[in-house]
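Undergrad: One structure, as structure tokens, below. Some questions next.
Every read-out reported here was derived from the displayed coordinates using simple, explicitly stated rules and does not represent laboratory data. Quantities reported herein were computed from a predicted structural model and do not represent experimental measurements. Glycine also receives a Cβ, built like all others from the backbone with ideal geometry; neighbour counts cover every protein chain displayed.
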């Protein structure tokens, strides 16, 4: 099952280009899963002499890891709604622009709920002098990357995630 859903809570907001966004997100997922497969391959064979062998590469591509289920829910909401969610589930009483919950539960599945505060996105777009749509999509990408295994808990990991966000944001802004 492959699905990306959009919901709205406690806010007067609607995404008009959701088909374009969904299509682009599926392309990111495919690319990231392909990269995941290569990293899996490299770590599996890292201690052998066969890493460069074309034979091994052919075997790898025949045994790609297939994900059976991709189900993402984007919930666009107000600061108040997101803060209540933050308190309830994460015991944190701090405003944030996004919270991503990984509901995958089993191997070969990508499932999650990504809560995005439209109020916070609007304030951040003003604060950082970027357009609202650009900031919104950056936050959407940020949530997706979390569900794809990226982490921003250290300086190095945050930098790596920021580079990915920027790369995909640049592509999306030119995406037709």
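Undergrad: Rounded to the nearest 0.05, what FRET efficiency do residue 16 and residue 160 have when you use their Cβ-Cβ distance and R0 = 25 Å? Write out the running numbers ahead of the final one.
TA: Details: r = 32 Å, r/R0 = 1.28.
That pair, residue 16 with residue 160, gives E of 0.20.
Undergrad: At 7 Å along the Cα-to-beta-carbon direction for both residue 7 and residue 129, put a label point, then send me their distance in nm to one decimal.
TA: 3.8 nm
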